[in-house]
Amino acid sequence: MKTPFVTAEQLRSIAERYPTPFHIYDEKGIRENARRLKRAFAWNPGFREYFAVKATPTPKILKLLHEEGCGLDCSSLTELMLAKGCGVRGEDVMFSSNDTPAEEFEMAARMGAIINLDDITHVDFLKNTLGYVPQKISCRFNPGGMFTVGKSHEDFQVMDNPGDAKYGMTRSQIGQAFCRLKELGAQEFGIHAFLASNTLSNEYYPTLARILFQLAVELKEETGCRITFINLSGGIGIPYRPEEPAGDIDLIGEGVRRAYEELLVPAGMGDVALCTELGRFMLGPYGHLVTTAVHEKHTYKDYVGVDACAVNLMRPAMYGAYHHITVMGKEQLPCDHKYDVVGSLCENNDKFAIDRMLPKVDLGDLLVIHDTGAHGFSMGYNYNGKLRSAELLLREDGSVELIRRAETPDDYFATVVW
Ligand SMILES: *Cc1c(COP(=O)(O)O)cnc(C)c1O
């Protein structure tokens, strides 16, 4: 069973102050989870999580994670500006982008961010853009082929197999890139790979770690480069469905430690720092999209129309993703009604749930759509002239803070030329 982090009563009073729909985040849950991750990797003294900003690009959230010791992983100019605006800079910023515009490399270099190169041609592109290459630099590896460890069905849509994915360098390219970077003056090297998204198996990170640790040992030998960090990137999943078991971060950390001791330590690389760029794992479960039932419709099926729509949460429409729904105040009632829960877009995929068993929904009921803390608000858009919602933060002391106001029509029209 999935339990919301707010009670029905709490939510009623919040909704009186802030009209639905809105996203609300749980400070306590976010902090506790960040600490669990840190503990699971505490055996690696250099360990650092760089939160994937694209998952939840909201300054109060980014600052909160920074307070917990996280850096930020950015992949665009505005994400770099967000980091800067939050007072995060230097090596607290990882810049993992692809198809990168020159001005973004310039900005990342100005901020002193660690740049993670996606392609071998970016080595000289970076040199020509900056006039130098940074002394600390990372390259993204793509082993090609198939990778199936820990992949969920839905994930096959979120991310292709490595052999079909646009990211990263081949095995021979990464060796050449290291040599060229060294020739251009780089001194400290990192490697990175991201092979699967939303994995539920505790084996994903350890398997990826083995691939990268083996590669690090080979590259050290082959190129003589000093490899000081290895980036396991994102991809640890969360159980969106109530029956799915959650991953065990302690077991995951332990699995990576075993690989580290088997592969890196014997190669004299026992001082390599590990980093991660988790998004979903850090925030997913700690966000709810809160919406009100505003219509019901009974035709060939039974529909509940809510005041949120796919622009507030795109994953169900885009990937057919499951998001659990709790009808607030009716947690104890039997789920004996079958509904499609829909938004108002003129798109038939604007459905938060299809054939979902719920208690009888009455107009005015508040619905919590679970696990929207990552890749939720951030994937929002303005189709059909719909406006992005507000974001709220439930503080540890129970108070609620507005951390992003809802868009108004003025925001929507700000860019048009009449
Ligand atoms: C999206 C992304 C992440 C975060 O992925 P999650 O699945 O949310 O953990 C990390 N690194 C890079 C480069 C990404 O593009």
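Remarks
- Selection of helices (runs of 4 or more DSSP H) fully inside the stretch 118-237 by the criterion of at least 3 residues being assigned by TED's automatic domain parsing to the domain that holds SER97, of a type in the set (Lys, Arg) and open to solvent by 50 Å² or more (accessible area, probe 1.4 Å) returns 171-183.
- No other residue among LYS54, LYS28 is more than 17 Å from the chain's Cα centre (by Cα) and either at positive phi or surrounded by 14 or more Cβ atoms within 10 Å (Cβ to Cβ) (or both) apart from LYS28.
- Residue check, VAL93 β-branched (Val, Ile, Thr), touching a Cys at 6+ places or on another chain (Cβ under 9 Å) and either within 16 Å of the ligand (Cβ to nearest atom) or open to solvent by 20 Å² or more (accessible area, probe 1.4 Å) (or both): yes
- Applying the criterion of being of a type outside the set (Asp, Glu) and open to solvent by less than 50 Å² (accessible area, probe 1.4 Å) to the residues of the stretch 400-412, the residue that is nearest to PRO59 (Cα to Cα) is ILE403.
- Residue identified as over 22 Å from the mean Cα position of the chain (by Cα) and open to solvent by 60 Å² or more (accessible area, probe 1.4 Å) among PRO245, PRO266: PRO266
- When residues in the stretch 316-335 are screened for being in contact with a strand residue (DSSP E or B) (Cβ under 7 Å, 6 or more places away or on another chain) and open to solvent by 30 Å² or more (accessible area, probe 1.4 Å), 1 of them pass.
- Listed by first and then second residue, the pairs linking a residue in the stretch 390-418 that is at negative phi and small (Gly, Ala, Ser) to a residue that is open to solvent by 70 Å² or more (accessible area, probe 1.4 Å) and in a strand (DSSP E or B), with Cβ atoms under 9 Å apart and 6 or more places separating them unless they lie on different chains, are ALA390/LEU402; ALA390/ARG404.
- Test: residue in the stretch 37-59 that is touching a Phe, Trp or Tyr at 6+ places or on another chain (Cβ under 6 Å), within 21 Å of ILE230 (Cα to Cα) and aliphatic (A, V, I, L, M): no
- In the stretch 372-403, residue farthest from the ligand (Cβ to nearest atom) [restricted to those that are among the charged types (D, E, K, R) and under 21 Å from ASN33 (Cβ atoms)]: ASP397
- Considering the stretch 302-340, and only residues there that are within 21 Å of ASP362 (Cβ to Cβ) and β-branched (Val, Ile, Thr), the residue that is farthest from the chain's Cα centre (by Cα) turns out to be VAL304.
- Residue in the stretch 370-393 that is touching a strand residue (DSSP E or B) at 6+ places or on another chain (Cβ under 9 Å), open to solvent by 10 Å² or more (accessible area, probe 1.4 Å) and among the polar types (S, T, N, Q) present: no
- Of the residues making up the stretch 176-200, those that are over 18 Å from MET94 (Cβ atoms) and within 14 Å of the ligand (Cβ to nearest atom) number 4.
- Verdict on PRO19 being surrounded by fewer than 18 Cβ atoms within 10 Å (Cβ to Cβ), out of contact with any Asp or Glu (no Cβ under 8 Å at 6 or more places or on another chain) and not assigned by TED's automatic domain parsing to the domain that holds PRO134: yes
- Hits in the stretch 88-138 (condition: among the basic types (Lys, Arg) and more than 20 Å from the chain's Cα centre (by Cα)): ARG110, LYS127, LYS136
- Restricting the stretch 340-361 to residues that are part of a loop (DSSP other than H, G, I, E, B) and touching a Leu at 6+ places or on another chain (Cβ under 8 Å) leaves a set whose member that is most open to solvent (accessible area, probe 1.4 Å) is LYS360.
- The stretch 268-286: number of residues that are away from the ligand (no atom under 12 Å from the Cβ) and assigned to a loop (DSSP other than H, G, I, E, B): 5
- Hey, GLU9 within 16 Å of THR291 (Cβ to Cβ), surrounded by fewer than 19 Cβ atoms within 10 Å (Cβ to Cβ) and out of contact with any Leu (no Cβ under 9 Å at 6 or more places or on another chain) or not: no
- Residue check: ASP302 meets all listed conditions (1) open to solvent by 10 Å² or more (accessible area, probe 1.4 Å); (2) away from the ligand (no atom under 16 Å from the Cβ); (3) closer than 27 Å to ARG404 by Cα; (4) touching a His at 6+ places or on another chain (Cβ under 8 Å) but one, namely (3).
- Cβ pairs under 6 Å, 6+ apart, first in the stretch 112-129 and in contact (Cβ under 8 Å) with a residue 12 or more places away in the chain, second open to solvent by less than 30 Å² (accessible area, probe 1.4 Å) and among the basic types (Lys, Arg): ASN116/ARG140; ASP118/ARG140
The values are calculated or read from the model by the stated rules, or taken from the named source; none is laboratory data. Keep in mind that this is a model prediction, so the values were computed, not measured. When we count neighbours, we look across all protein chains shown, and the Cβ atoms used for this are built from the backbone with ideal geometry, even at glycine. To get the accessible areas, we keep the full protein, side chains included, count just its heavy atoms, and leave off ligands, DNA and RNA. Shrake-Rupley method; radii C 1.70, N 1.55, O 1.52, S 1.80 Å.
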